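Participant: A single structure is presented below for examination.
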There are 2 protein chains.
Amino acid sequence: MTQSNPQLLANIRVVLARTSHPGNIGAAARAMKTMGLSQLVLVEPAVFPNSQADAMASGAIDVLADARVCSTLAEALADTTLALGVSARRRDIVAEILMPQQAAVRLLTEAQAAPVALVFGNETSGLSNEELSLCQGLVTIAANPQYSSLNLAAAVQVLSYEVRRVWLDQPGWPDRELDAASGAEIERFYGHLETALADLDFLHPGSPGKLMLKLRRLFSRTRLSREEVNILRGILSAAQQAKKAGTRPSNS
Amino acid sequence: MTQSNPQLLANIRVVLARTSHPGNIGAAARAMKTMGLSQLVLVEPAVFPNSQADAMASGAIDVLADARVCSTLAEALADTTLALGVSARRRDIVAEILMPQQAAVRLLTEAQAAPVALVFGNETSGLSNEELSLCQGLVTIAANPQYSSLNLAAAVQVLSYEVRRVWLDQPGWPDRELDAASGAEIERFYGHLETALADLDFLHPGSPGKLMLKLRRLFSRTRLSREEVNILRGILSAAQQAKKAGTRPSNS
C-alpha cells in the first residue's frame, strides 16, 4: 500500500444519513476537505442544497457541489466493499467495535481495491438498527463517558483526521528547514563561550568543571542555526570587550 | 503512574487567544469536554461571556462557566512549564514542529508535574509572533495542503482527541526529562537578558527589534530547566558587572 496514493482517499466516502441540520452538512464537508477527503454522500437529508450548508462549508463548497444524494443507505453503499458505522458505544449491538485508528487502517487497506464508506447517523438518534445492519463494523470514538456528545461535524473531523494520519504515517514528518550550524561551528562557539566565561571570572580557565558540560547540554538540545551561533558569539564578544574595558589601566 | 489518572487531563489547559467569535469559544468548550478536558483559558476574547457561546457549548456549559479570562498570554501561561502553540505550518518560524500525537505525549508527560497548555490563536490571523515566542513548541495538524483551514473548534477537537487517545493508550508515563522552569521564570530571564544586552550596548534599550525575538526562539526551542535559567542569569550578571566596572570613574 503506497501511503501517498491519493486514490486511496478518493475511495473513502463519508455518508451522512438523515441529517437534520444543513449547517452540519456544510461543516462536515469542511472537516472532510481539510483532511483530503472529497466524496460526500447524503442519504435523505432534511434540507439540501441549502445556503446555511454552503456558509458552513466555507472553502469546501466543491465537496458540497459534488455531493451525491441518495434515498436509501443501501443505494449509498451499493458499490462499497466495506462500510463502517460511526456510533457512540451501544450495548444493544453485538458487533466488532473498532477504534478510529483501527477503522482507518481497515478502510485504507480496503480502499486499494474498491470504494469504502464511513457512515454517520442522524444528529439526535444516531444510526438506526437497519442502517447499522448495512455496516460491516462499528467505529466508536473513545469519548468522555460523562459527556460523549461530539457534534456531527466534530465526529467527521476526528475520523477524517485519523484516516489522513494513518495515510501519512509511514515516512513521518519531513525535516524542518533549519540552516543548522555545523559541528565545527558549534565547537568554535563552545570554545568562545569558555574563553568568555573565563574572562568574566565566571569559571576557572583550565577547570571548566561541570558548568561547560551543562551549557553544552542546553545548546545541544536545541540544534543551533548558523545565525544563532553568530548572535551568541556577538554577545560573548560584547561581554569580553566590556570586561577588558573594566580592567584596562585608567590612562586609556 | 496509572494511565487513567484524571489529574493529567486536569493539568492540560486549552488557551484560546484573541478569539473573535463567541460561538467558537462555546464549540471549543464542547470539543474539550467530549475528550475529558476541562481547563479553558481565554486571552482577550472579543466577546465573553455570551449567549452564542453558551448555545454552542451545549452540555459543556460548565467548562465555559469555569473559564478563566486573562489579559495577556503571558498571564495565561505564567504557571505552566510547557506551552505548545497550534499553528498551520509556517516557514518563517524555526522551531520544532510536533505532530498532534507527539504533542500529546509531551503534554501528558509534563502534566505529571505541572500545568501545561495548548495555545490556539485568532480564527483569521492565528498566533502572532509574540504569542509564538511564549510557546516552547509548535503543533501542526497535517492537513490537506490544498485546504488546511480547520475551524477553531475542529482544531481543538483534533488536539483534544489526540490527548485523550494517548492518555487512554499509554500504559504509563516516562519521567519528565528535566526540572523545567516555569513561564514566569523564563520571562524574568528574558527581561534580564534584554537589560544585560542593553548594558553591553548590544541592543538599543526600548527597541530590542528582532534580536530578542530570535533569542526567545532559540531558548524556547530548548525548554530551559530551572538550573539552566540560574546559570544563564549568573552569566548575565557577571557580564553586567564587568561592564559596570569598565564604565566606572577611574578613582575606584
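The values are calculated or read from the model by the stated rules, or taken from the named source; none is laboratory data. From a predicted model like this one, the values you see are computed outputs, not experimental measurements. As a convention, Cβ positions derive from the backbone with ideal geometry for all residues, glycine included, and neighbour counts pool all protein chains shown. These accessible areas exclude ligands, DNA and RNA; they are computed on the full protein's heavy atoms, side chains included. Shrake-Rupley method; radii C 1.70, N 1.55, O 1.52, S 1.80 Å.
Participant: Based on this model, can you work out whether A:Val47 counts as closer than 18 Å to A:Val119 by Cα and outside any helix (DSSP H, G or I)?
Facilitator: Taking the combined requirement at face value, the residue does not satisfy it.
Participant: Mind checking which residues of the stretch B:1-44 are part of a helix (DSSP H, G or I) and at pLDDT below 95?
Facilitator: Selection gives B:Pro6, B:Gln7, B:Leu8.
Participant: May I ask you to list the residues in the stretch B:235-250 that are in a helix (DSSP H, G or I) and more than 7 Å from chain A (Cβ to nearest Cβ)?
Facilitator: Within the stretch B:235-250, B:Leu236, B:Ser237, B:Gln240, B:Gln241, B:Lys244, B:Thr247 meet the criteria.
Participant: Output the residues belonging to the stretch A:52-69 that are in a helix (DSSP H, G or I) and of a type in the set (Asp, Glu).
Facilitator: Of everything in the stretch A:52-69, those that are in a helix (DSSP H, G or I) and of a type in the set (Asp, Glu) turn out to be A:Asp54, A:Asp62.
Participant: Yes or no: the stretch A:16-25 includes at least one residue that is closer than 24 Å to A:Leu108 by Cβ and of a type in the set (A, V, I, L, M).
Facilitator: yes
Participant: Just give me the residues in the stretch B:27-60 being within 13 Å of chain A (Cβ to nearest Cβ) and more than 15 Å from A:Tyr147 (Cα to Cα), in sequence order.
Facilitator: Residue satisfying the conditions is B:Ala55 alone.
Participant: Out of the residues in the stretch A:218-234 that are among the small types (Gly, Ala, Ser) and in a helix (DSSP H, G or I), state the one that is nearest to the other protein chains (Cβ to nearest Cβ).
Facilitator: Applying the filter and picking the extreme gives A:Gly234.
Participant: Also, I was wondering about something else. Go through the stretch A:104-115 and report how many residues are in contact with a strand residue (DSSP E or B) (Cβ under 8 Å, 6 or more places away or on another chain) and surrounded by 24 or more Cβ atoms within 10 Å (Cβ to Cβ).
Facilitator: Counting residues in the stretch A:104-115 that are in contact with a strand residue (DSSP E or B) (Cβ under 8 Å, 6 or more places away or on another chain) and surrounded by 24 or more Cβ atoms within 10 Å (Cβ to Cβ) gives 2.
Participant: Could you please let me know if A:Val63 is of a type in the set (A, V, I, L, M), within 14 Å of chain B (Cβ to nearest Cβ), without any contact (Cβ under 8 Å) to a residue 40 or more places away in the chain and buried (at least 19 other Cβ atoms within 10 Å of the Cβ)?
Facilitator: The answer is yes for A:Val63.
Participant: Quick one: in the stretch B:135-145, which of the residues that are of a type outside the set (A, V, I, L, M) and in contact with a Lys or Arg (Cβ under 8 Å, 6 or more places away or on another chain) is nearest to the other protein chains (Cβ to nearest Cβ)?
Facilitator: Applying the filter and picking the extreme gives B:Asn144.
Participant: Continuing with this model, one more query. What is the number of the single condition among (1) more than 7 Å from chain B (Cβ to nearest Cβ); (2) open to solvent by less than 90 Å² (accessible area, probe 1.4 Å); (3) modelled with pLDDT of 85 or more that A:Phe202 does not meet?
Facilitator: (1)
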